[in-house]
1. Among the residues of the stretch 44-53, is there at least one that is of a type outside the set (S, T, N, Q), out of contact with any helix residue (DSSP H, G or I) (no Cβ under 9 Å at 6 or more places or on another chain), buried (at least 19 other Cβ atoms within 10 Å of the Cβ) and not in a loop (DSSP other than H, G, I, E, B)?
2. Within the stretch 57-65, identify whether any single residue is crowded, with 21+ Cβ neighbours inside 10 Å and of a type outside the set (D, E, K, R), and answer yes or no.
3. Looking only at the stretch 84-135, count how many residues are touching a residue at least 60 places away in the same chain (Cβ under 8 Å), under 13 Å from the mean Cα position of the chain (by Cα) and not in a strand (DSSP E or B).
Amino acid sequence: MATFAGGETLRVALHAQSRYSDHGWVAGSEITTSGMLAALRRHPSVGRAEVFAPFAYRGLFEAPWDVLLVEGWTGPVPRVIAALRGASPGLVVLHWCLDTYPSLAAVTRLDVDGFLTNSRALVANLSAHAPTLFLPLAADVSVMAPVAARDEYRHPVVYLGQASLTKHRLLEVIGCDRLFM
């Protein structure tokens, strides 16, 4: 197994907005973090990778972490970041900003070391608060494989997850001029 500069394998905690097995519902970040988890577990320099979510923090404080990657925003995120920084000296915290929920101000107040975003429209704003990398989120093709086309479903619409009027800059972020709800 390969190692990183510290001579050990990397330990990565991922934070999703939900975890179906605990909550009984799925948020988009659970889908994206499960893909990231699969990729991290295949990487030779990653020794441990786990997904956590609100009220599903079993094992989060059993050992130190090197990286906390937060995908999406939920109420406990600021407290989780603070607690994990205290328990894991040297922790690097990254926030993958895919939208501006609950507000861009709330996202940029997070105590992070950097942002990742799939929105060119957000790069300049996020960069004013922490180093920011434009990084489109990849799909896990083993899970999100296309199915046979059906005529009744042929239309120019893409499902982007839960429609919410609290996603104030959603249209700008996705480069669209209107949203169908």
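1. Within the stretch 44-53, none of the residues are of a type outside the set (S, T, N, Q), out of contact with any helix residue (DSSP H, G or I) (no Cβ under 9 Å at 6 or more places or on another chain), buried (at least 19 other Cβ atoms within 10 Å of the Cβ) and not in a loop (DSSP other than H, G, I, E, B).
2. So far as the stretch 57-65 goes, yes, one or more of its residues are crowded, with 21+ Cβ neighbours inside 10 Å and of a type outside the set (D, E, K, R).
3. Residues meeting the conditions: 4.
Okay, residues lined up against (1) modelled with pLDDT under 95; (2) farther than 19 Å from Phe52 by Cβ:
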{"site": "Val93", "(1), (2)": "no, no"}
{"site": "Asp99", "(1), (2)": "yes, yes"}
{"site": "Ala130", "(1), (2)": "no, yes"}
{"site": "Ala145", "(1), (2)": "yes, yes"}
{"site": "Ser164", "(1), (2)": "yes, yes"}
{"site": "Lys167", "(1), (2)": "yes, yes"}
{"site": "Val173", "(1), (2)": "yes, yes"}
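Okay, residues lined up against (1) β-branched (Val, Ile, Thr); (2) out of contact with any Leu (no Cβ under 8 Å at 6 or more places or on another chain); (3) in contact (Cβ under 8 Å) with a residue 12 or more places away in the chain; (4) under 26 Å from Pro136 (Cβ atoms):
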site	(1), (2), (3), (4)
Gly35	no, yes, yes, yes
Ala39	no, yes, yes, yes
Arg42	no, yes, no, yes
Ser45	no, no, yes, yes
Ala56	no, yes, yes, no
Glu62	no, yes, no, no
Val67	yes, no, yes, yes
Thr74	yes, yes, yes, yes
Arg79	no, yes, no, no
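The values are calculated or read from the model by the stated rules, or taken from the named source; none is laboratory data. A quick note: this is a predicted structure, and the numbers were derived from the prediction, not measured. All Cβ positions, glycine included, derive from the backbone under ideal geometry; neighbour counts span all protein chains shown.
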